[in-house]
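The values are calculated or read from the model by the stated rules, or taken from the named source; none is laboratory data. Bear in mind the structure is a predicted one, so any value in this text is a computation, not a measurement. Note that we place each Cβ from the backbone using ideal geometry, even for glycine, and neighbour counts take in every protein chain shown.
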Amino acid sequence: MKDLIYIVPKTKHNKEDLFKIFNEHPEIKFVSIVGIDLSGNDTDEKIPAKLFLNDIDSFLNGVAIQTDGSSVVLPGIATLNDAKVDMVADLDANWFVDYNYDYIDTSTNKPVGTLRIPSFLIHNNKPVCSRNILKSAITTFKSTLLDIFKNKPESLRPFGITLDDIDEIVITSATELEFWVKTPNEQAHIEELSTSQVLQEQYWTRTKGAVRTALEETLILMEEYGFEPEMGHKEVGGVKSKLDSNGQFNHIMEQLEIDWKYSDAIQAADNEIFVKILTQETFRRHGLDVTFKAKPIDDVAGSGMHVHLGVSLKLKTGKRINLFHATKEDFLSTIGYGAIMGILKNYEIMNPFISTTNGAFKRLKPGFEAPICIVTSLGMAPDNPSRNRTILVGLIRDLSNPLATRFELRSPNPHSNVYLALSVSYMAMLDGIIYVLENNKTEEELLKELSKKPGDKADYLETDRAYRSEEDVFEFYTDEERDAYFGKAPATVYENLMQLEKHAEKLEVLERNDVFSDNLINSFKLAIIQRWTTDIIHRIIVNHATEIRSFKKLHSSNALDLDISNWMTINNLRHYIMKDTYTEKGLFTRIKDAITIKDYALASNLLLELEDKMKQLRDLYSNYTKNLLDI
């Protein structure tokens, strides 16, 4: 499609330019007001373009558009008796045009477009959305750092500058998007997928057929929107597709990844939201389903959304200085050490805002290149950058490009609320940086503290913990050693949320300058509990019930004793999980009962038991069928 406009930059968020754009592009029929609630959901409140233009003065001057609070996730804030939520446009972010390629406007012969305008959600004159939390976090990060530079000018000496040289602090962030794609209604056997994964048969192989076309079209569209895609490729998960009699590929089930250029934190979050929409719609047009679930298939690689975190200075001369890059022969600058130590010390209160779904915790298992404990890796030596893919947050360096030094947080997944993930990351990093600069710590002192053994005392990090490992943490340590060295990770959404109470003294890190208020944190907790329990009752239990019913007796009457014994074991386990009797309740019912009475600790424990029993059941049934000659 020629002559389409894909982006309206902030320089054109004025009456004159907007009228010109709409006059020159009559294919843009709607305006969508996009707010991000505490669960990361984006609203899509469409307004005809004519109405928007008629009231454009009010809109550009901060006059709010109202919506019903029941349509956004703000429990405890937008209640049924106080449900009015206002939406105010963000004039400082890029606005994207979302095209409906299935609906061609006959008067222009172009697809109908919707201008998506990022907005803040306001309740009772207070911002209550994820977007504002991130904006406040970045503002706090920058202003606090500038105050320290002003009060402690010696902190800038290693970079060879003074406060007067600084034009601004620049926050650079980026995400990587992994996802699964398949032909509708197709299912691959878990063992087939798992075997392909172990053999790495899919990783970095060629895409073919509709998958190749959809991936290439997605990358080309991303270029049109200015996202500057850097790579699109096969990931480790998936199986080989099959060719049908018409020469088309079917039985498609593959894992892919798309990467694009960094931006400032708020724009990076906006970009990630829109790229997911763009990807899903593009693949759908080619007859393919896309899922961004963290763990769409048990026992097979889940999908991550690695988040890259950087901070630099823009000088008045135009020069850039990376505040994390080492100012001498070392892994990091003192500010860089402080930033990563801030994440490691405060991750228990970060994780509740990052890993919020049942699938997230199914993904965070040993052996799937997803982090399972709070630990970092710096590399083997300052002159030998390396990548350890088994840790929570890693240091990425390019000796030939100092501006590339950054941290990669590997725990987020495509269902993580990227606005909150970035917010808690920068607030935690700020805490560590404050410790370093206010206490005049040297690189040598910080490297020693970061590399401490459990039991070694430290000024900032916990005494009983270790925080660094250059080893494969999946293989080098036993489960007991990992827990002892790096802390035992929560196993469910509920256990994760309880970290906010267990480590309540650390919440002041997030509440600095009221970035996270008690009200917002409480609303977030209510939202996550509701989603967690609803998912258990209406998805997990329902799906497991369907799977259990599919495990049927297959042996004949002249079967071997072993086959009969195998089936009896399977059937007893089926009954234990699913069947109620007059005297005993099945595991399903016990979980539902615990949720009904809000005994979430019990529900959490029973959920772990359920997942363990389902794994046993799948293994037993697989062995049972493999021993049968006739099925």
Quiz item: Got a sec? Which of 32, 130, 58, 71 is in contact with a helix residue (DSSP H, G or I) (Cβ under 8 Å, 6 or more places away or on another chain) and on the phi < 0 side of the Ramachandran plot?
Solution: 130
Exercise. Pairs only if they're at least six apart or on different chains, beta carbon under 7 angstrom, first in the stretch 127-150 and in contact (Cβ under 8 Å) with a residue 40 or more places away in the chain, second hydroxyl-bearing (Ser, Thr, Tyr) and surrounded by fewer than 23 Cβ atoms within 10 Å (Cβ to Cβ); list them, first residue then second.
Key: 148/155
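Output the residue which, of all residues in the stretch 368-393 that are small (Gly, Ala, Ser) and outside any loop (DSSP other than H, G, I, E, B), is nearest to residue 326 (Cα to Cα). Break it down stepwise before answering.
As a first pass, look at the stretch 368-393 and keep what is small (Gly, Ala, Ser): 370, 377, 379, 381, 386.
Next cut, outside any loop (DSSP other than H, G, I, E, B) only: 377, 381.
Values: 377: 16, 381: 13 Å.
Checked the stretch 368-393; the qualifying residue nearest to residue 326 (Cα to Cα) is 381.
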Exercise. Count, please, the residues in the stretch 137-164 that happen to be part of a helix (DSSP H, G or I) and in contact with a Pro (Cβ under 8 Å, 6 or more places away or on another chain).
Key: 1
Quiz item: So, in the stretch 394-415, of the ones that are within 15 Å of the chain's Cα centre (by Cα) and assigned to a loop (DSSP other than H, G, I, E, B), which residue ends up farthest from residue 471 (Cα to Cα)?
Solution: 415
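Is it the case, given these coordinates, that residue 349 is within 14 Å of residue 408 (Cα to Cα), in a helix (DSSP H, G or I) and either in the same structural domain as residue 415 (by TED's automatic domain parsing) or under 19 Å from the mean Cα position of the chain (by Cα) (or both)? Write out each step before concluding.
Details: within 14 Å of residue 408 (Cα to Cα): no; in a helix (DSSP H, G or I): yes; either in the same structural domain as residue 415 (by TED's automatic domain parsing) or under 19 Å from the mean Cα position of the chain (by Cα) (or both): yes.
Against the criterion (within 14 Å of residue 408 (Cα to Cα), in a helix (DSSP H, G or I) and either in the same structural domain as residue 415 (by TED's automatic domain parsing) or under 19 Å from the mean Cα position of the chain (by Cα) (or both)), residue 349 does not qualify.
Counting only residues that are in contact (Cβ under 8 Å) with a residue 12 or more places away in the chain and loosely packed, with under 15 Cβ neighbours inside 10 Å, give me the helices (runs of 4 or more DSSP H) lying completely in the stretch 514-631 with at least 1 of them. Talk me through it step by step, then tell me what you get.
Details: elements: 518-535, 541-550, 561-578, 587-596, 600-626.
It comes to 518-535, 541-550, 561-578, 600-626.
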Practice problem: Looking for whichever is aromatic (Phe, Trp, Tyr) and either surrounded by fewer than 24 Cβ atoms within 10 Å (Cβ to Cβ) or assigned to a loop (DSSP other than H, G, I, E, B) (or both) here; the options are 419, 435. Which one fits? | Solution: 435
Quiz item: Any chance the stretch 296-307 includes a residue that's touching a Ser or Thr at 6+ places or on another chain (Cβ under 6 Å), within 12 Å of residue 172 (Cα to Cα), touching a residue at least 60 places away in the same chain (Cβ under 8 Å) and assigned by TED's automatic domain parsing to the domain that holds residue 396?
Solution: yes
Exercise. Give the stretch 210-236 a look and list any residue that's free of Cβ contacts under 8 Å to residues at least 60 places away in the same chain and of a type in the set (Phe, Trp, Tyr), or say none.
Key: 227
Exercise. Report yes if some residue within the stretch 336-345 is among the hydrophobic types (A, V, I, L, M, F, W, C) and in a loop (DSSP other than H, G, I, E, B); otherwise report no.
Key: no
Exercise. Would you mind stating whether residue 449 is more than 27 Å from residue 171 (Cβ to Cβ), part of a helix (DSSP H, G or I) and in the same structural domain as residue 170 (by TED's automatic domain parsing)?
Key: no
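A quick yes/no check of all residues on (1) hydrophobic (A, V, I, L, M, F, W, C); (2) touching a Pro at 6+ places or on another chain (Cβ under 6 Å):
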position: 370; (1), (2): yes, no
position: 381; (1), (2): yes, no
position: 389; (1), (2): no, no
position: 397; (1), (2): no, yes
Quiz item: Does the stretch 218-239 hold any residues that are crowded, with 17+ Cβ neighbours inside 10 Å and either assigned to a helix (DSSP H, G or I) or modelled with pLDDT under 95 (or both), and which are they?
Solution: 218, 219, 221, 222, 232, 234, 235, 236, 237, 238, 239
Practice problem: Check every one of the strands (runs of 3 or more DSSP E) wholly within the stretch 3-71 and list those with 1 or more residues that are buried (at least 20 other Cβ atoms within 10 Å of the Cβ). | Solution: 28-34, 65-68
Quiz item: Among (1) modelled with pLDDT under 95; (2) among the hydroxyl-bearing types (Ser, Thr, Tyr); (3) closer than 24 Å to residue 283 by Cα, which single condition is residue 99 missing?
Solution: (1)
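Out of curiosity, is residue 328 farther than 21 Å from residue 425 by Cβ, out of contact with any Phe, Trp or Tyr (no Cβ under 7 Å at 6 or more places or on another chain) and part of a loop (DSSP other than H, G, I, E, B)? Write out each step before concluding.
On the way: farther than 21 Å from residue 425 by Cβ: yes; out of contact with any Phe, Trp or Tyr (no Cβ under 7 Å at 6 or more places or on another chain): yes; part of a loop (DSSP other than H, G, I, E, B): yes.
For residue 328, the condition - farther than 21 Å from residue 425 by Cβ, out of contact with any Phe, Trp or Tyr (no Cβ under 7 Å at 6 or more places or on another chain) and part of a loop (DSSP other than H, G, I, E, B) - is met.
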Exercise. Tell me, please, whether a residue that is in a helix (DSSP H, G or I) and either more than 20 Å from the chain's Cα centre (by Cα) or at positive phi (or both) can be found in the stretch 165-172.
Key: yes
